[in-house]
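What follows is a single structure, written as structure tokens, with notes after it.
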Amino acid sequence: MNSAANDAFVVFDRVQKSYDGETLVVKDLNLSIGKGEFLTMLGPSGSGKTTCLMMLAGFETATHGDILLDGEPINNIPPHKRGIGMVFQNYALFPHMTVAENLAFPLEVRNIGKSAREEKVRRALEMVQMGAFGGRRPAQLSGGQQQRIALARALVFEPELVLMDEPLGALDKQLREHMQFEITRLAHNLGITTVYVTHDQTEALTMSDRVAVFDDGRIQQLAAPDILYEQPENSFVAQFIGENNTLLGTVKEIKDDVALVELDDGELIDAKPVNVSKPGDRTLVSIRPERVEISKDRLSPDAHLVHAEVLEFIYMGDIYRTRLRVAGNEDFVIKTRNAPDQRRLKPGEHIEIGWMPQDCRALDAP
Ligand SMILES: Nc1ncnc2c1ncn2[C@@H]1O[C@H](COP(=O)(O)OP(=O)(O)OP(=O)(O)O)[C@@H](O)[C@H]1O
Ligand SMILES: [Mg+2]
């Protein structure tokens, strides 16, 4: 076991899930979540995120494997006895109750006395800056206000674990960004362990301690946001997270930490061998737009230079986004800072671009 697993608060141990007895929608999931950690499950639609959350919440049972909470298997504990706070997109507030009654409900269920209840409700409302709204009914609130109340209701009984499934999906950009900040602040201040589901990668990268990237019922990579972005382990993760340039080719040679790759247009480049093993392997070479330089003075002498044709040069305020044709790929994008010395490029112009070999990752060809 690694050190993260030793103080694990939530553990999925070889968990599988099938709804129909045939197809596995969660395949051999092993995941340890530390106490107080903010872990996000990120992945495309249908990849199994909600299913994992539902099993943890107790609304679905695992077909195989165990789920542990604080060291104890919870397979047979019903949802309301797990002490988990939940915010689901369609887990609505009770419409016939006021906001304050909605918040008091989880406390009543737990037999908390009236005065303690009132105090906790008041604090929870303050926490989401809705102190003046206790007497309203959910229908008298905006969508964003309802989401904040749902959040307050999930936290009001001070759970050790909170599950959130796309809780901000319905909100406009500004409120969503505000709530992203609020949620992480609350979770960290209260020391709550959070499992958060989203298919918004920016949200995942900005909020999380670690992100589990799901595809097809499996975790493709589990890592801190910067590692995920800078060091994707396979082509799915490289393409799912952030903008990315890809070039297809074949591995010619692997020596120490350098792979020599022949791109499909015949050009030879060096790359870091990440998910290729031997000469002859097809590979997708991945490089982030901001790691490519067009200015020779900013390139170090060991940078790798390739030829490119400018297709589009777009002014975006703080940066220029340039689309190029590189080794047959017409969607090769680079981003350059809008610096005083940055010359405007013209479509049709032929230039040399360059990057450091270690920023160029040889991954599996999909
Ligand atoms: N109750 C159910 N009965 C049968 N199949 C289901 C059920 N719930 C989900 N599935 C299937 O399981 C797979 C995983 O679904 P899940 O809801 O976990 O995906 P998700 O990652 O949350 O997707 P989304 O981003 O669209 O919410 C999908 O193929 C889905 O069709
Ligand atoms: Mg879902």
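Against the list (1) assigned by TED's automatic domain parsing to the domain that holds V25; (2) touching a residue at least 24 places away in the same chain (Cβ under 8 Å), the condition V258 fails is (1).
Only one of the numbered conditions (1) in the same structural domain as N30 (by TED's automatic domain parsing); (2) touching a helix residue (DSSP H, G or I) at 6+ places or on another chain (Cβ under 6 Å) is violated by K272, and that is (1).
Scan the range 124-137 for residues that are in contact (Cβ under 8 Å) with a residue 12 or more places away in the chain and either closer than 20 Å to F157 by Cα or not assigned by TED's automatic domain parsing to the domain that holds F105 (or both) and report the count. Working first, answer last.
Initially, the range 124-137 is screened for residues in contact (Cβ under 8 Å) with a residue 12 or more places away in the chain, giving 124-125, 127-130, 133-137.
Subset that is either closer than 20 Å to F157 by Cα or not assigned by TED's automatic domain parsing to the domain that holds F105 (or both): 124-125, 127-130, 133-135.
Residues flagged as in contact (Cβ under 8 Å) with a residue 12 or more places away in the chain and either closer than 20 Å to F157 by Cα or not assigned by TED's automatic domain parsing to the domain that holds F105 (or both) within the range 124-137 amount to 9.
Could you please let me know if L299 is surrounded by 14 or more Cβ atoms within 10 Å (Cβ to Cβ), aliphatic (A, V, I, L, M) and in contact with a Pro (Cβ under 9 Å, 6 or more places away or on another chain)? Taking the combined requirement at face value, the residue does not satisfy it.
Within the set of pairs 6 or more residues apart or between chains, which connect a residue that is touching a residue at least 12 places away in the same chain (Cβ under 8 Å) inside the range 73-84 to a residue that is of a type in the set (K, R) with Cβ atoms less than 7 Å apart? Qualifying pairs under 7 Å: I74/R82. The single residue among T184, T202 that is under 30 Å from R361 (Cβ atoms) and either buried (at least 19 other Cβ atoms within 10 Å of the Cβ) or free of Cβ contacts under 8 Å to residues at least 40 places away in the same chain (or both) turns out to be T202.
Within the range 49-101, being among the charged types (D, E, K, R) and within 16 Å of ligand 2 (Cβ to nearest atom) holds for K49, E60.
Here is a check on your reading of the model: is R325 open to solvent by 40 Å² or more (accessible area, probe 1.4 Å) and closer than 19 Å to I241 by Cβ? Please lay out each step first, then the result.
Values: open to solvent by 40 Å² or more (accessible area, probe 1.4 Å): yes; closer than 19 Å to I241 by Cβ: no.
So R325 fails the test.
Of all residues in the range 19-47, those satisfying the criterion of being within 12 Å of ligand 1 (Cβ to nearest atom) and surrounded by fewer than 22 Cβ atoms within 10 Å (Cβ to Cβ) are Y19, D20, G21, E22, T23, L24, V25, K27, P44, S45, G46.
Number of residues in the range 159-172 that are away from ligand 2 (no atom under 16 Å from the Cβ) and either modelled with pLDDT of 85 or more or surrounded by 22 or more Cβ atoms within 10 Å (Cβ to Cβ) (or both) equals 4.
To keep it simple, each residue is scored yes or no on (1) open to solvent by 60 Å² or more (accessible area, probe 1.4 Å); (2) in contact with a strand residue (DSSP E or B) (Cβ under 8 Å, 6 or more places away or on another chain).
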residue: L53; (1), (2): no, yes
residue: V99; (1), (2): no, no
residue: F105; (1), (2): yes, no
residue: V109; (1), (2): yes, no
residue: K114; (1), (2): yes, no
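Of everything listed in (1) open to solvent by 20 Å² or more (accessible area, probe 1.4 Å); (2) within 16 Å of ligand 2 (Cβ to nearest atom), the single unmet condition for Q16 is (2).
Residues that are open to solvent by less than 70 Å² (accessible area, probe 1.4 Å) and under 24 Å from the mean Cα position of the chain (by Cα) within the range 336-366 comprise D359, C360, R361, A362, L363, D364, A365, listed in sequence order.
The values are calculated or read from the model by the stated rules, or taken from the named source; none is laboratory data. Not measured: the values here are computed from a predicted model. Here the Cβ is made from the backbone with ideal geometry for all residues, glycine too, and neighbour counts use every protein chain on show. Areas reflect the complete protein model, heavy atoms only, side chains present, ligands, DNA and RNA absent. Shrake-Rupley method; radii C 1.70, N 1.55, O 1.52, S 1.80 Å.
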